[in-house]
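The values are calculated or read from the model by the stated rules, or taken from the named source; none is laboratory data. Keep in mind the model is a prediction, meaning the values are calculated, not measured. All Cβ positions, glycine included, derive from the backbone under ideal geometry; neighbour counts span all protein chains shown.
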Amino acid sequence: MSLVAVVQRAGDRPGQLPETRVIPVGMPQDTRFGAYFHAPVTMVAACVPPTAAYALSPPAVAASAPPMPAGGRKSFSPVRRVTAGTAQPPAPPPSAEDSLLAIASAMDSDGGMPGRSVEARAAASVAALLAFLANGHTPASGAFRSHVARLVRFLEAVAGLDAGKRRLVDLTLAAARSGHPPAGDWLRLAQSGGDDWGALAKALAG
């Protein structure tokens, strides 16, 4: 279970991403971990008298056990480790909404995606905006509409691009206004960083 608290502090600015602080909390002593973690159950029998161990072991194990010494018996004897359970199936791939949430969480405070240069940030922001649009999120509708609107404002204000890249940005903004992005695997491109003007030009000009 996760608890989320939103705290308003002096100095907060509208449009700025909130600071997220993760505070781990200990679990109660009587927590039944099996209800949360579905790993195979491991049972270890130790410090069991030999006679009890032989009685609980299958014939093959009992036959291979060392003979009891004459005139007495050992106090304790190690017993084999038994593991029950089957291998867990692989985790399912993240959903489109999970991937979009990761993209939204990576946005900078000015509304654009991070990058090593203005051109890289613009390319990544174009890919992210198209990924949101392709999954039904526009500046006016969808759970990520505020993120889409911030990406639009960033791309409208970005400067320092050559004429070819500026044209691709304008085509992306037009798609955002119409709500109909061009066909393309925008989510995959956005997840990879989006800094691929060649792929953007091929998809947007097609």
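Summary table below
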| read-out | value |
| --- | --- |
| Residue identified as surrounded by fewer than 14 Cβ atoms within 10 Å (Cβ to Cβ) and not assigned by TED's automatic domain parsing to the domain that holds Leu200 among Pro89, Pro114 | Pro89 |
| Among the residues listed as Leu168, Leu161, the single one being out of contact with any strand residue (DSSP E or B) (no Cβ under 8 Å at 6 or more places or on another chain) and assigned to a loop (DSSP other than H, G, I, E, B) | Leu161 |
| Which numbered condition Asp110 fails, given (1) over 19 Å from His180 (Cβ atoms); (2) part of a helix (DSSP H, G or I) | (2) |
| Hey, Ala203 surrounded by 19 or more Cβ atoms within 10 Å (Cβ to Cβ), over 20 Å from the mean Cα position of the chain (by Cα) and among the small types (Gly, Ala, Ser) or not | yes |
| Only one of Gly198, Gly160, Gly193 that is over 21 Å from Arg13 (Cβ atoms) and within 23 Å of the chain's Cα centre (by Cα) | Gly193 |
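Residues checked against (1) under 13 Å from Ala127 (Cβ atoms); (2) of a type in the set (Val, Ile, Thr); (3) in contact with a Ser or Thr (Cβ under 8 Å, 6 or more places away or on another chain); (4) crowded, with 19+ Cβ neighbours inside 10 Å:
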position	(1), (2), (3), (4)
Leu155	yes, no, yes, yes
Val158	no, yes, yes, yes
Ala163	no, no, no, no
Arg167	no, no, no, no
His180	no, no, no, no
Trp186	yes, no, no, yes
